[in-house]
Amino acid sequence: MDTIVITGASSGIGLETARILTNHGFNVLGIARCEAKCNRAKERILSENPDAKITFFVADLMQQREVVRVAEEITFYLDKNCNGKLYALINNAGCVRSWYMTTDEGYEQQFALNHLAGFLLTYKLLPALKKAQGRVIITGSKSHKGIKVRWDDVMLCHRYNPLIAYKQSKLCNILFAKGLNDRYAAAGIRAYVVDPGLVNTDIGNKETGGLVNFIWALRKRHGVPPAVPAKTYAFLCMQKPMPEGLYYYLCKEKKYSGQVTSENANRLFELSERLCDIRYEEVEMV
């Protein structure tokens, strides 16, 4: 039975993706920060499918120490139960903020959770992905288009704009996927970005306020149910051989920003490695 890790799996797109994948016989390891929500999500999945293989891990991926801890717990689980193999990693956890807020490391929170958390978690689980010749799937957004990375102030410490911070984090998502493919496609690992479109979830109402909270409350009413984009994650998990594309919407490959180049991907990799104090090339690819 192939194992898939999903972050942000207790609600929204992550929960619906977990539900679909367990129904298709995958063993799903979900990560979310609220234990009560994890328990409710597990109960819902098992109520619909008593044979579902679903396990939850609790971690606040906003903080790097939590990413490292949960990665170690998952690695232990994989070594014990799955021959050390991870079929797929879905980096779905994300956030929206109304104002400048930082993590314990001092990093802007949208950049930290939307990009760095997945960057660090993928690094920690890379040997398990290599053993399975697995795939990495990242939740992106069409909002990555029409923007450039602010290399001189990537945290937007000066003149903070929450929308620009969000858009930049989504551009970083697809640059990360591009960088992974450049480095590891030859080893059998493939990375993808899913544009879920406008979805009726609470992402814009969590720890936000004022205008962001109000606008999202209005916008999400026009969004599709999370089960709609969840089908694209399942599609990318189940396709054999693995698709060659990078950016997908409604199970179809789509065009992406011209900013997505190997040069920019390499620059982001180097910056992210410094911010996480890691080096991808040092991972032992057994």
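Where a number appears in this text, it was derived from the coordinates with a stated rule and is not lab data. Please read all numbers here as calculations on a predicted model, not as lab measurements. Glycine also receives a Cβ, built like all others from the backbone with ideal geometry; neighbour counts cover every protein chain displayed.
Couple of notes before you dig in:
- Between Arg44 and Asn81, the simple label model (points 7 Å from Cα in the Cβ direction) yields a spacing of 2.1 nm.
- Taking the chain as a Gaussian network of alpha-carbon nodes connected by springs under 10 Å, the highest mean-square fluctuation of the residues Pro243, Pro50, Pro225 belongs to Pro50.
- Here the contact order of the stretch 3-279, divided by its residue count and restricted to Cα pairs under 8 Å and six or more residues apart, works out to 19 percent.
- When only Cα pairs below 8 angstrom with a gap of at least 6 residues are kept, the stretch 18-130 shows a relative contact order of 24 percent.
- The modelled label-to-label distance between Cys34 and Val224, using points 7 Å beyond Cα along the C-beta direction, is 2.6 nm.
- Rg over Rh, two decimals, the chain (C-alpha only, Kirkwood Rh): 0.93
- Using a cutoff of 8 angstrom between alpha carbon atoms and counting only pairs six or more residues apart, the relative contact order for the stretch 53-193 works out to 27 percent.
- Taking Lys231, Lys240, Lys131 in turn, the Gaussian network model of the chain (Cα-Cα springs below 10 Å) assigns the largest fluctuation to Lys240.
- Reachable lysines, given that their alpha-carbon falls under 18 Å from the alpha-carbon of Lys131 and they are not under 8 places away in the same chain: Lys80, Lys85, Lys240
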